[in-house]
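Comments concern the structure below.
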Amino acid sequence: VLQVDGHTDNIPIGGNSEFADNWELSQARALSVVRLLSEQMGLPPSRLSANGFGEYQPIDTANTREARAKNRRIELKFTEK
């Protein structure tokens, strides 16, 4: 299974966003990649997983613009079924 993990920075979502919070944003980020892999690249949906982690698994904990940019990411992981 190809696990697609979405992550965000720790800045709260603004009131004008279509997403309620960073968890929703990270999930939507992962789901958009899963849909691209399935619909445009032909990977079987049964082999894909979309996961949202919000701001809770940062790779850089510094309070800088560069650190926040690193944390807004997608990770692809091969896992067992």
Subject >> Restricting segment 1-28 to residues that are part of a helix (DSSP H, G or I) and hydrophobic (A, V, I, L, M, F, W, C), the residue that is surrounded by the fewest Cβ atoms within 10 Å (Cβ to Cβ) >> reply: Ala28
Original post:
Which of the residues that make up segment 25-72 are touching a residue at least 40 places away in the same chain (Cβ under 8 Å), of a type in the set (A, V, I, L, M, F, W, C) and farther than 27 Å from Pro12 by Cβ?
Top reply: Leu43, Leu48
Original post:
Restricting to segment 1-35, what's the tally of residues that are under 21 Å from Thr64 (Cβ atoms) and over 9 Å from the mean Cα position of the chain (by Cα)?
Top reply: 7
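Of everything in segment 29-81, what is part of a loop (DSSP other than H, G, I, E, B) and exposed (fewer than 11 other Cβ atoms within 10 Å of the Cβ)? Give them in sequence order.
Our first condition is that a residue be part of a loop (DSSP other than H, G, I, E, B); within segment 29-81, this holds for 41-44, 53-64, 72-73, 79-81.
Within segment 29-81, Met41, Gly42, Pro44, Ile59, Thr61, Asn63, Thr64, Thr79, Glu80, Lys81 qualify.
Every number in this text was worked out from the coordinates using simple rules, so none of it is lab data. In this text, all values refer to a predicted model and were calculated from it rather than measured experimentally. Using ideal geometry, Cβ is built from the backbone for each residue, glycine included, and neighbour counts are taken over all protein chains shown.
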